[in-house]
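Below you'll find the structure, written out as structure tokens, and then a few comments.
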Amino acid sequence: NGIDYGHASLRDSGTVRMCFEGVSQRATKYLEAAREGAYQEQSTRAMPFKAENLGMPFELRGTRFEPRLMILNEKEMELYNEVLAKLQPFLKAKYQQLRKESDEQITEALGRKDTILSDKTWEGVIGAKAFDIARFLLPQNITTSLGMTLNTRRFQDMLTEWQSLESL
């Protein structure tokens, strides 16, 4: 038992692993502050974009601003979905020449005329590009999940720092 032994450096050999779900991008900056830590944050590529996944600052909860921010969140998601839906046909038309060039290069490289990009593959490329562009609309209050690993001594220091913060 390290406490009975009385040697604080025993905390260096232990590790703590924690997972945080539904934290704001703002909070991750504080949670990931220890340079000694190992972190894994959920990519915005893997998160569902819904208004309920947008965080509400503690300072605004229960105030007259909360309902207004909820309306703004809904409008942000509507804009995101509208842009995403319109980007796909736009990009498909814009990059149609690239698909033709790709098909020609594949045919030439393989020496087979029957080997080209499938419609499914091309739709996947266009969908991924549209998604990447639309993600630029996501606000900082989109929530994420975060996993962290810290040694016990550093984790204790981080707990002290987090407790001293007014809010995340």
Check: Counting only the heavy atoms of the protein chains, how much of residue 66 is accessible to a 1.4 Å probe, in Å² to the nearest 10?
Finding: 60
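Ignoring ligands, DNA and RNA, please state the percent of accessible area on the stretch 103-168 from carbon and sulfur, probe 1.4 Å.
Heavy-atom surface of the stretch 103-168 belonging to carbon and sulfur, 1.4 Å probe: 54 percent.
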Note to self: Just to be sure I follow the rule: in the chain, considering lysines 8 or more places apart or on different chains, how many pairs have Cα atoms under 19 Å apart?
What the structure shows: 15
Notebook entry, point to check: Taking the Cβ-Cβ separation of residue 145 and residue 96 as r and a Förster radius of 35 Å, what is the calculated FRET efficiency to the nearest 0.05?
Noted result: 0.40
Item checked: J(HN,Hα) series, the stretch 36-41, from Karplus relation 6.51 cos²θ - 1.76 cosθ + 1.60, nearest Hz, glycine and proline x -> 7, x, 10, 10, 9, 9
Margin query: I need the helices of the chain that pass two filters: whole DSSP H segments spanning 30 Å or more by Cα along the axis, and mean Kyte-Doolittle score no lower than -0.5.
Written below: 65-94
Item checked: Positive dipole terminus of the chain, leading residue within 155, 142, 106 (C-beta point charges) -> 106
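Students sometimes get this wrong: rank 70, 47 by accessible area, probe 1.4 Å, all chains present, largest first.
So the residues, ranked largest to smallest area, are 70, 47.
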Margin query: Let's test this: bin the Cα-Cα distances of the stretch 22-66 at 5 Å from zero up to the farthest pair and state each bin's percent.
Written below: 5, 16, 23, 22, 16, 12, 5, 2, 0
Next item on the list: Just report the Cα centroid separation between the stretch 22-76 and the stretch 108-130, whole Å.
Entry: 37
Next item on the list: Compute the Rg/Rh shape ratio of the stretch 121-168: radius of gyration over Kirkwood radius, all on alpha-carbon atoms.
Entry: 1.28
Next item on the list: Calculate, axis by axis, the spread of Cα positions in the stretch 77-152 along the three principal axes, and write the results as whole Å, longest axis first.
Entry: 59, 38, 15
Next item on the list: Heads up, I need the accessible area for residue 135: 1.4 angstrom probe, whole protein in place, Å², nearest 10.
Entry: 60
Margin query: For the stretch 1-131, compute Rg over Rh where Rg is the Cα radius of gyration and Rh is the Kirkwood radius from the inverse mean 1/r over Cα pairs.
Written below: 1.22
Next item on the list: Name the long-range amide H neighbours of residue 142: under 5 Å, sequence gap of 5 or more, or other chain; modelled H, no Pro or chain starts.
Entry: 25, 55
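Order 23, 83, 125, most accessible first, counting only protein heavy atoms with a 1.4 angstrom probe.
Descending order: 125, 83, 23.
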Next item on the list: Calculate, for the chain, the solvent-accessible area per residue in square angstrom, rolling a 1.4 angstrom probe over the heavy atoms of the protein chains.
Entry: 69
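The values are calculated or read from the model by the stated rules, or taken from the named source; none is laboratory data. As the structure is a computational prediction, the values presented were derived from the model and not from experiment. With ideal geometry, Cβ positions are generated from the backbone for all residues, glycine too; neighbour counts draw on all protein chains shown. To get the accessible areas, we keep the full protein, side chains included, count just its heavy atoms, and leave off ligands, DNA and RNA. Shrake-Rupley method; radii C 1.70, N 1.55, O 1.52, S 1.80 Å.
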